[in-house]
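Undergrad: Quick one: the structure is below, questions incoming.
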Amino acid sequence: MSESETQKNAMQDLTKAVLTVLDSWELSPQEMHLVLGLPESIKNRHFQRYRQGAEALPADEAILKRIQIIIKMGDALHTSYPCNPNMASRWLRTVHRRFKPRSPLKMMIEDGENGLISALAELDCTYSWDCSGSNTTP
């Protein structure tokens, strides 16, 4: 398998993984588009082709970073609510005082990558710790 085929397959796997998370959050195609920071040239109808593996999301660095954060958020929400997967969607849509009375979803849409990072830091204390620059070694 060539390097470009390997990269294409990896991107298709990432696309499926992130869409599985976004679907579990019950996001609309428009919300997915905004959270992923996709360019306007990508239409909402493309999401079905992404789910089927016929196409992959663009391998843009900014989009890849958002994908990483979203997948980590999915894991953190699963850890926080292991017995009730519906709580992830509820958490994302509930107004949170730390987000200046906005829901995490609204913050992620309005603040872009910074909103995603803030939401993940709220969910995952280890991520927050890493972002703070804290280090256990002197």
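Undergrad: Add +1 for every Lys or Arg and -1 for every Asp or Glu among the other residues with Cβ under 12 Å from the Cβ of ASN86, and state the total.
TA: +1
Undergrad: Multiply the residue gap between GLN30 and LEU64 by 0.36 nm, knock off their C-alpha separation, and tell me the result in nm, one decimal place.
TA: Net length gain for the segment: 10.4 nm.
Undergrad: Can you tell me the length gained on complete extension of the stretch ASP111 to SER80, counting 0.36 nm per residue apart and subtracting the Cα distance?
TA: 8.8 nm
Undergrad: Further, regarding this structure: Explain nothing, just the number: relative contact order of the chain, from Cα pairs under 8 Å at least 6 residues apart, as a whole percent.
TA: 23 percent
Undergrad: In the Gaussian network model of the chain, springs joining C-alpha atoms below 10 Å, which of SER89, SER80, SER41 carries the largest mean-square fluctuation?
TA: So, out of SER89, SER80, SER41, the one fluctuating most is SER41.
Undergrad: Would you mind counting up the charge near SER28? Only other residues with Cβ under 15 Å from its Cβ, with Lys and Arg at +1 and Asp and Glu at -1.
TA: Value of the local net charge: +2.
Undergrad: Taking the alpha-carbon distance from LYS43 and a cut-off under 29 Å, which lysines remain once sequence neighbours fewer than 8 residues away in the same chain are dropped?
TA: Of all the lysines, those that pass the test against LYS43 - Cα under 29 Å, at least 8 places apart if same chain - are LYS8, LYS16, LYS65, LYS72, LYS106.
Undergrad: Within the set of other residues whose C-beta is less than 14 Å from the C-beta of ASN44, count the net charge using Lys and Arg as +1 and Asp and Glu as -1.
TA: 0
Undergrad: So which residue, out of ALA76, ALA59, ALA119, gets the largest mean-square fluctuation from a GNM of the chain using Cα contacts under 10 Å as springs?
TA: Maximum fluctuation in the GNM of the chain, among the listed residues, is at ALA59.
Undergrad: When the helices in the chain are scored as -39500 (n - 2.57) per DSSP H run of 4 or longer and the sum is shared across all residues, what 222 nm value do you end up with, to the nearest 500 deg cm²/dmol?
TA: -20000 deg cm²/dmol
Each value in this text was obtained by applying a stated rule to the coordinates, not by laboratory testing. Please read these numbers as outputs of a predicted model, since none were measured by experiment. Quick reminder, even Gly has a Cβ in these numbers, built from the backbone with ideal geometry, and neighbours come from all protein chains shown.
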